[in-house]
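Structure first, commentary second.
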Amino acid sequence: MVLLIIVYSIWLPATFPTHGNVVAMLSSQSFVLILALAVTIPLRSGDFDLSVSAVMVFTAAVLGILVSQHHWSVGAAIPVTLAIGFAAGLLNAFFIVKLGINAFIVTLATMTALGGLTFGITNSNIVSNFPHSLLVLGQASAGGLPDAVYYGWVVAIVLWYVFEYTPYGRQLLFVGGSRDASRLAGLRVNRVRISAFVASAVLAAVAGVVLAANVGAVDPSEGPSFLLPPYAAAFLGTTTIQIGRFNIAGTVIASYLLIVGVTGLLLAGASPWVSDLFNGVALLAAVAFARFAARRSE
């Protein structure tokens, strides 16, 4: 990432290394970072959750509708938003852990269903006209940065501590390494997996709150576009800090690496589709590296 920053700063001195661009990158990545942290939890326990982007957009839309059309207070609407995330996580966990259906299939179905529901509750229209009480949560600034940026950092610090210094963090790692061995060691594997799906969905709902507050509008069609970057960050994060392991510090670094790479290319005049290309190549490279590292360790 440092190399990219240096290259872009030399190549694009008038646009890239500016305060405005740095703030824009950090702000635009605020809810994406939370989403990347969300997917890291089930990945750590050996599961996939493809529904996180749909949960984020659906909950953001619900929040926006409640406060702008039904005139709910932000304090009343946010708990409802988080409860929806909690319910989505439980639903995923029930079908995956209790019924034994493949996580990829279940969360893909959840993503598709929530995407349809989002179009339904919004009538396929962008939700906007949010009250100041919501916008101030994401657009107010401290230290020159929007508050939304700090939310992502706080979530990252909390999860980093949980992963590295609590029994639960070690349980996630053990379950992800071998469920059979974890059961033999006395771990409640199903409980760990269920909690991972619930935590992932709740964090996706938190990302939905940040999205609505920071952007000030919710487009019901944008859910799929937010699925690849979080996974690219999570897998790319396994190539640094803790090689071969899903880890919070790695996810954070990779998340900012991706936004730096994409922003530099766009400022240089690249077409918008380059963003998906860059993230896709990064994800493929990260998965290939992880497979290579796994073979080396055998």
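The values are calculated or read from the model by the stated rules, or taken from the named source; none is laboratory data. All values derive from a computational prediction rather than experimental measurement. Cβ coordinates were reconstructed from backbone atoms using ideal geometry, including for glycine residues, and neighbour counts include every protein chain displayed.
General remarks:
- Residue count for segment 238-287 under the criterion of being over 23 Å from Ser9 (Cβ atoms) and modelled with pLDDT of 90 or more: the result is 6.
- Residue selected from segment 68-82 under the condition touching a residue at least 12 places away in the same chain (Cβ under 8 Å) and either out of contact with any strand residue (DSSP E or B) (no Cβ under 9 Å at 6 or more places or on another chain) or crowded, with 21+ Cβ neighbours inside 10 Å (or both), by the criterion farthest from Pro42 (Cα to Cα): Ser73
- For segment 59-76, the set of residues classified as under 23 Å from the mean Cα position of the chain (by Cα) and of a type outside the set (Gly, Ala, Ser) consists of Thr59, Val62, Leu63, Ile65, Val74, listed by residue number.
- Summed over segment 36-70, the residues that are in a helix (DSSP H, G or I) and over 15 Å from Pro230 (Cα atoms) give a count of 11.
- Segment 229-275, subset of a type in the set (S, T, N, Q) and touching a residue at least 24 places away in the same chain (Cβ under 8 Å), residue surrounded by the fewest Cβ atoms within 10 Å (Cβ to Cβ): Thr239
- Candidates Gly85, Gly138, Gly120, Gly89, filtered to the one that is at pLDDT below 95 and not charged (D, E, K, R): Gly138
- Qualifying residue in segment 198-211 (condition: in contact with a strand residue (DSSP E or B) (Cβ under 8 Å, 6 or more places away or on another chain), surrounded by 20 or more Cβ atoms within 10 Å (Cβ to Cβ), farther than 19 Å from Pro42 by Cβ and of a type in the set (A, V, I, L, M)): yes
- Selection within segment 170-194 - closer than 26 Å to Ile253 by Cβ, surrounded by fewer than 21 Cβ atoms within 10 Å (Cβ to Cβ) and touching a residue at least 60 places away in the same chain (Cβ under 8 Å): Leu173, Gly176, Gly177
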